[in-house]
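Just below is one structure, and these are the notes that go with it.
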Amino acid sequence: MTFRLGGLPEQLDAYGDNYRPVNVTLPWGESDSREEQTVNLLLTDPASRPYTANKFNNTVWVPAFERAGFQYHRDNTDGMRALRHLFASSTLQQGVSLKEQAAFRGHADEAFTLSTYVHLMPNSFDRARLAVDAIFKPNSQPTMTAS
């Protein structure tokens, strides 16, 4: 499935040209630690603070749905979680490794990424079989022996 983004990449580039990332110390660290973590965030609220899920939904996401003429449903199918899963499924389908997936999402452990997104990899067995077939090319015609 291919998604048409209608100028979104160009708009994101323009945003990045006009607004620099902001150093923000988050009150949590990696998934296996409780330490604070300082990161560069490109999208922050007007006071240069990270968006909470509710604040982002109310001030950015829901208004974007309304401008696009879509009805927003307050569940996991229309929010940022769904967008993360769309990105994950698209990049997994294109062969991006779990190590790269973990880095994109800020996960300290690839096992956490795998357990979170494994359900998005239904055709991974097909890819594995194709990879093995490429190494050990099967006979084009099976050999039949008389019994």
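Data for the structure
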| item | result |
| --- | --- |
| Spacing of the two label points (7 Å from each Cα toward its C-beta) at residue 73 and residue 93, in nm | 2.0 |
| Distance (nanometres) between label positions extended 7 Å along Cα→Cβ at residue 45 and residue 25 | 1.9 |
| Loop sites in the range 49-99: chymotrypsin sites (Phe, Trp or Tyr not before Pro), DSSP, at most 11 other Cβ within 10 Å | 70 |
| Summed residue charge, Cβ within 14 Å of residue 95's Cβ, Lys/Arg positive, Asp/Glu negative | 0 |
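Coordinate-derived values only; no laboratory data. These figures come from a predicted structure and were not determined experimentally. Glycine also receives a Cβ, built like all others from the backbone with ideal geometry; neighbour counts cover every protein chain displayed.
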